[in-house]
Amino acid sequence: GAVVSQHPSRVICKSGTSVKIECRSLDFQATTMFWYRQFPKQSLMLMATSNEGSKATYEQGVEKDKFLINHASLTLSTLTVTSAHPEDSSFYICSAAGDGLYEQYFGPGTRLTVT
Amino acid sequence: TQLLEQSPQFLSIQEGENLTVYCNSSSVFSSLQWYRQEPGEGPVLLVTVVTGGEVKKLKRLTFQFGDARKDSSLHITAAQPGDTGLYLCAGGAGYALNFGKGTSLLVTP
């Protein structure tokens with residue numbers, strides 16, 4: 001199957017700072033990437049969908065100015081959590097899909113803790 | 001939004017037992033996928049079903065897609081501790097996926 005990586009795997013930051021999470025498709029070109037967040041013992045909640053070279057589409061209730069998404073290349077998307085607060089602490093997971101790929105392939109996730 | 005209901009929400013069984021988990025919706029899906037997620041990791045795709053009535057087997061796991069493409073089931077035979085995890089079904093059109101809330105499975109030795 002296709003391989004997707006995320007970096008960092010864990011990050012702790014202070015309230016008010018910004019954190020960038022990278023999502024890379026390692027062996028295929030991802031025309032579409034997705035960002036999810038997952039709270040403990042809950043399912044994945046889609047935050048936004050991004051297509052290479054265009055603006056991300058955000059789900060209802062997700063602040064686009066707080067969660068900045070950039071999909072500048074076919075192998076890299078970034079999620080920046082700006083002015084992070086403790087309530088932003090969560091498990092952030094990206095997934096990727098490419099032309100001809102029927103499924104989404106998920107990264108290993110990033111555990112964000114805001115203190 | 002196409003809602004997917006998964007049942008049971010939690011399941012704790014002993015090694016060697018069989019189990020079935022369900023994924024139901026009132027909507028028709030062009031495809032449905034099953035993932036397994038272990039704590040602190042991303043979901044791993046197990047299977048995709050696309051044809052109504054389709055049955056796919058993956059070792060001890062058997063996946064079935066309902067004839068009307070509204071529901072699916074996952075049956076595990078002779079469960080092992082390594083099967084422990086959160087099982088998620090997801091369906092949608094094209095790349096957009098809607099996830100169920102998952103079934104958390106614990107298999108004890």
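Structural remarks
- Across chain A, the relative contact order, built from alpha-carbon pairs under 8 Å that are at least six residues apart, equals 37 percent.
- Cβ neighbours within 10 Å from other chains - mean over B:38-46: 6
- Summarised in one figure, the compactness ratio Rg/Rh of chain B, Cα atoms and Kirkwood Rh, is 0.95.
- With K and R counted +1 and D and E -1, the other residues having a Cβ less than 10 Å from that of A:Leu46 yield a net charge of 0.
- Charged neighbours of A:Cys94, selected by a Cβ distance under 11 Å, balance to +1 (K, R count +1; D, E count -1).
- Separation in nanometres of the label points that stand 7 Å from Cα toward Cβ, at A:Ser73 and A:Ser18: 2.1
- Near-label residues of segment B:10-35 by backbone N, under 19 Å of a point 7 Å along Cα→Cβ of B:Val50: B:28-35
- Segment B:6-109 - percent relative contact order, Cα under 8 Å, separation 6 or more: 37
- Loop-located chymotrypsin sites (Phe, Trp or Tyr not before Pro) across segment A:53-115 with a Cβ neighbour count of 15 or fewer within 10 Å are A:Tyr102, with loop assigned by DSSP.
- Sparse-neighbour loop sites [trypsin sites (Lys or Arg not before Pro); segment B:18-98; at most 16 other C-beta within 10 Å; DSSP]: B:Lys59, B:Arg60
- Rolling a 1.4 angstrom probe over the protein heavy atoms with all chains in place gives segment B:1-85 an accessible area of 52 Å² per residue.
- Placing a label point 7 Å from the Cα of A:Glu63 along the Cα-to-Cβ direction, the residues of segment A:1-28 whose backbone N falls under 17 Å of that point are A:14-20.
The values are calculated or read from the model by the stated rules, or taken from the named source; none is laboratory data. This one's a predicted model, so the numbers in the text were calculated from it and none came from an experiment. Here Cβ is always computed from backbone atoms with ideal geometry, including for glycine, and neighbour counts include all displayed protein chains. Surface accessibility is based on the protein's heavy atoms, side chains included, excluding ligands, DNA and RNA. Shrake-Rupley method; radii C 1.70, N 1.55, O 1.52, S 1.80 Å.
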